[in-house]
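Just so it is clear, none of the values below were taken in a lab; they were calculated from the coordinates. Bear in mind that the values here come from a model prediction, so they are computed numbers and not experimental data. Virtual Cβ from ideal backbone geometry, glycine too; neighbours counted across all protein chains shown.
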Amino acid sequence: MENHESTSKRRHRLAVACACQGQRLDRFLTDALPGVSRKQIKRALDCGAVFLNDHVEKRAGRLLQGGERLELTVEVSALPTREFTLPILYQDEDVLAVAKPPGLPVHANVAGAVNALDLVRELAGADQDPILLHRLDADTTGVLLFALNRASNRSLCWQFSERRVEKTYLALVQGCPDRPFEVRNHLRPNVRGKTMEVRSGGQHAWTSVNPLSCHNGVALVAARPHTGRTHQIRAHLAGSGYPLLGDTLYGGPAHLETVAGPVTCPRHLLHAAELTITHPRTDRLLTLQAPLPADFLQLLTGAGFTSPDYANLGL
């Protein structure tokens, strides 16, 4: 019997984060809508079903400036939903920060699936329209920041674009770097568009890496991205010989050897642990931290790490 996949049409509303400045429109949409193929994006553009700031946009190569509004209708596969919770790390009248769990896309996903932006809208209430300020990959956990009004959005967008926001990620990697190091190069999508690679003509990318502790051939490192390119930390760590555990897309191991035997890494082990901004209203520094999620802690324990190795998160 032939198996027919259920499909439906869904309208998506997206806000372009400041960190996405310079990205092609089709690349942004492909990243923002994980369940939607490039072919589906191209069809929506050709049919005039993509609106950029309320105007029809058909150019796949249109370069984004950051801060735009996008609306589009695409045909997508219907998949079952999954339950997620978003703990609030900080909230006032200007800023909302949540702790994103693994497996949750930031933007609108396939039909019937949840995403962080929709969940945050529910948390904020009907009288507010949270504006996403940056992005995390679906399987990356940690601090996710939103502006709650136009004034705070302008201030925070400027801080992101001028690299005034300090971000620290924790990563569990294969191999044990013996000293801090930096990676500066240019990244651009490879020909298949699924990974980023070092190529001339790409966007400048800069990451600082500080090893915190190492056990049994696995290291816990703190990575500080000074730029905000797609997959930047993942590509830089893998290119330096230290791929993330579970990041098979960039050559990372799918399993971790423990005393009890091999344990599957369910995702890439990257966590947005800390983010520091200047508060848009008070002009005071505001540091937001997200605790390590349970699966990350379990793999740390399996690799032989103990709480003194990561009690202060190396921050």
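Isolated Cys in the chain by the 4.7 Å beta carbon test?
C20, C47, C265
Give me the net charge for the shell around T287: Cβ to Cβ below 12 angstrom, other residues only, Lys and Arg +1, Asp and Glu -1.
Numbers: positive: K167, R284; negative: E166, E274.
Taking every Cβ under 12 Å from that of T287, the sum is 0.
Quick one: Karplus J couplings for region 214-220, per residue in order, coefficients 6.51, -1.76, 1.60, θ = phi - 60°, nearest Hz, x for Gly and Pro?
So the Karplus estimates, Gly and Pro as x, are 9, 9, 6, x, 10, 10, 9 Hz.
For the chain, what is the number of Lys pairs with C-alpha distance below 16 angstrom, counting only pairs 8 or more positions apart or on separate chains? The partial results should precede the final answer.
On the way: K9/K39; K9/K42; K39/K58; K39/K194; K42/K58; K100/K167.
Summing the qualifying lysine pairs gives 6.
Could you put R229, R224 in order, starting from the residue whose Cβ has the fewest other Cβ atoms within 10 Å? Please report the intermediate quantities before stating the final value.
Numbers: R229 23, R224 16.
Going from least to most buried by this count: R224, R229.
Tell me which residues come under 5 Å, amide H to amide H, from V50 once H is placed; ignore anything under 5 positions away on its chain.
E57
Pop out the ³J(HN,Hα) list for region 171-185 in order, Karplus 6.51 cos²θ - 1.76 cosθ + 1.60 with θ = phi - 60°, rounded to Hz; leave Gly and Pro as x.
Using θ = phi - 60°, the values come out as 9, 9, 10, 7, x, 10, x, 9, 7, x, 8, 10, 10, 10, 7 Hz.
Can you list the HN-Hα couplings for region 272-288, worked out from phi with the Karplus curve (6.51, -1.76, 1.60; θ = phi - 60°), rounded to whole Hz and with x for Gly and Pro?
6, 7, 8, 9, 10, 10, 8, 4, x, 9, 8, 6, 9, 5, 10, 9, 10
Given H placed 1.01 Å from N in the peptide plane, which residues other than close sequence neighbours of H134 have an amide H under 5 Å from its amide H?
Here L145 satisfy the definition.
Region 256-288 to region 26-58: how many Å between their Cα centroids?
Cα centroid of region 256-288 versus Cα centroid of region 26-58: 31 Å apart.
Taking N as the number of residues in the chain, what value does Rg over Cα atoms divided by 2.2 N^0.38 Å take?
Working: Rg = 19.6 Å, N = 315, 2.2 N^0.38 = 19.6 Å.
For the chain, the normalised Cα radius of gyration comes out at 1.00.
How high is the relative contact order of the chain? Use alpha-carbon pairs under 8 Å, at least six apart in sequence, and give a whole percent.
Values: 695 pairs, mean separation 47.3, N = 315.
RCO, the chain: 15 percent.
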